[in-house]
Structure formats: C-alpha cells, structure tokens
Amino acid sequence: MALAAIDLHRTEKAPAADPSDAAIELRNIGVRFTTDRGTISALENIDLVVGKGGFLTLLGPSGCGKSTLLRVVADIIKPSDGAATVLGGPPQEARRRRDIGFVFQDAALLPWRTVIDNVTLPLEVGGGAPAGRARDPRELLDLVGLSGWERAFPHELSGGMRQRVSIARALVSGPKLLLMDEPFGALDEITRDRLNEELLSVWEKTGTTILFVTHSIYEAAFLGQQVLLLAARPGRVRELVPVDLPTPRKIAQRETPRFVSLVTRLRGILETC
Ligand SMILES: Nc1ncnc2c1ncn2[C@@H]1O[C@H](COP(=O)(O)OP(=O)(O)O)[C@@H](O)[C@H]1O
Ligand SMILES: [Mg+2]
C-alpha cells in the first residue's frame, strides 16, 4: 500500500514523461534515396516527439525533407535508419488500423461523384472504417462549412471548398492522426486565412493530432503549438520552437506584437536553414 501511494505521488509530479502519451515518436530517423546521380540524403538524425492531440507545424525550405518526413510517419516510405513509432506501434500498424488521414495540396476529388460521395469514399474502399469509428459525413461537411453542398459536384466548387471536402474525406474514417502536406499552398491568401481558422476549430472539436507542412511562416506560427524548423541538404532539425499564443486563435491576432515577434524569430532561424 505504501509503495502504491509513493508511485501515485510520482505520477502526479511527472505526468508528461509517459511515452504512451506520444502520437508520434521518431528516433534518429535517416532517409536516403538512391538515384542515377548517386545517393541523396533526404533526412538525417531526426528526433521528434509529438504528444497526442498536439498540432505541430513543419517549416523549412523546399527540398529539406518535409514531405519525406510525413511519408515516413504515414508508412509510405521506410526509413533507412532509426525507428518510428506512431500511436504506440510501427507506422505500418497505424496505417492498417486506418488511424492516419492524409490531406495533400491537390484535393484530388473524383469529378463524377458528388461532394458527399467523395467524403464517404474511404468508407467504401479497403474494408471501410474500423468498427464504431466512422463519422457522420453530413456532420463533417457542416464542420468544414459545407452544409448545403452535399449534392454538388467538384467542378461547381472553388479551390477552397474542394480542399474543405478533402479535409472532411480525411476525417470520415475517424483517424487519430491527420497529416497535411501544404494543403492550402495553392489557395489565395484570404481563403487560406479562413481555412486556417477553420482548421483550428476542427482540431479542437475532433481532438485529432495534426502534423502540418507549410512553407509559410505565418501559417506555421498561427496553427502550431510548436513549429519544427528543418534545414536542407541533408534535412535535419534546426530548431523546435514552442508557440505561446492566446487561444482561440483568430487571424486578427497576427497584428499583435507577440505574433509579430514570433514571426521575426522564425524568419531569422529560417534564414540559417
Ligand atoms: N522518391 C524519391 N527519390 C529520389 N529523391 C527523392 C525522392 N523523394 C524525395 N527526394 C529528394 O529528397 C529531398 C527531400 O524531398 P522532399 O521531402 O520532397 O522535400 P520538401 O517536401 O521539404 O520540399 C529532395 O532533395 C528530393 O529531391
Ligand atoms: Mg514537399
């Protein structure tokens, strides 16, 4: 009894040390590609822990390995060195359990299917969603601001609306982890700002862990709880910057001295990447 009491006391003092709280754990990850012109080292010595429910943004120059890092987590490529743990096990198992959703720069909707039928597509292929995890597609469309558009076809939507559909589609099988690779990179600035705010509200409502790649300093600072800056050739961690901004975050906050000084700091680090 006495021992149990001591353990409890310890647990209270250091709750964050429990590794099961991690959604993503990368240890000494390296990725090399062999090409006709030799070997390219895309990532080197990447160590990273993202807590469950966290929002991490990845920022770095073109070619520094951001997409490669996402692909390692998603089990699309196997690392050459090191070990990746995703939701408590190998990335392969997380992918098999359909715990991972992916959103790319291009929404890639099927043009012959309506909005709602695009959202439900993942439920029809590959065995559908795990039991009890499928989310109501209509609620998801409401969550991303598209109620009333269920029966529309992709060609009737703007770029921002198509990207909203692809977010709803990524969430329909109830993933615990959402990987987003420059999802708003092709959108105009006003649409992007609006989607940034909406994504934060989706994140808060769903509790999904998000890993978000961007090369916009503003986007990285506005969205992330932490910003991971990668340096190029070979891709490696330059710095992990915690973001301490008041919540809920609104685009107007970008005018505040706190936000401006964070952006200045990130820009300074990025110049050395
Ligand atoms: N499948 C591949 N084969 C060969 N080289 C690759 C492959 N994928 C990425 N690379 C190289 O790895 C580096 C990192 O690429 P990537 O992860 O796409 O960078 P980022 O997303 O940051 O722009 C680049 O030099 C790129 O050319
Ligand atoms: Mg990329």
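Tabulated data
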{"item": "Helices (runs of 4 or more DSSP H) fully within the stretch 189-273 counting 1 or more residues that are touching a strand residue (DSSP E or B) at 6+ places or on another chain (Cβ under 6 Å) and within 22 Å of L141 (Cα to Cα)", "result": "189-206, 217-223"}
{"item": "Qualifying residue in the stretch 171-185 (condition: farther than 22 Å from L56 by Cβ, within 16 Å of ligand 1 (Cβ to nearest atom) and either at pLDDT below 95 or under 18 Å from the mean Cα position of the chain (by Cα) (or both))", "result": "no"}
{"item": "First in the stretch 16-41 and under 12 Å from A84 (Cα atoms) and within 16 Å of ligand 1 (Cβ to nearest atom), second anywhere and acidic (D, E) and at pLDDT 95 or above, Cβ under 6 Å, 6 or more apart", "result": "G30/E44; G30/D81"}
{"item": "Residue match in the stretch 192-200 (condition: acidic (D, E), within 16 Å of ligand 1 (Cβ to nearest atom) and touching a residue at least 40 places away in the same chain (Cβ under 8 Å))", "result": "no"}
{"item": "Test: G38 is out of contact with any strand residue (DSSP E or B) (no Cβ under 7 Å at 6 or more places or on another chain), within 15 Å of ligand 2 (Cβ to nearest atom) and not aliphatic (A, V, I, L, M)", "result": "no"}
{"item": "Some residue of the stretch 85-97 being within 15 Å of ligand 1 (Cβ to nearest atom) and either small (G, A, S) or surrounded by fewer than 16 Cβ atoms within 10 Å (Cβ to Cβ) (or both)", "result": "no"}
{"item": "Qualifying residue in the stretch 106-114 (condition: at pLDDT below 95 and either within 16 Å of ligand 2 (Cβ to nearest atom) or closer than 22 Å to V241 by Cβ (or both))", "result": "yes"}
{"item": "Residue match in the stretch 24-39 (condition: surrounded by fewer than 22 Cβ atoms within 10 Å (Cβ to Cβ), closer than 26 Å to V243 by Cα, touching a helix residue (DSSP H, G or I) at 6+ places or on another chain (Cβ under 8 Å) and at pLDDT below 95)", "result": "no"}
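The values are calculated or read from the model by the stated rules, or taken from the named source; none is laboratory data. Model, not experiment: these values are computed from the prediction. Using ideal geometry, Cβ is built from the backbone for each residue, glycine included, and neighbour counts are taken over all protein chains shown.
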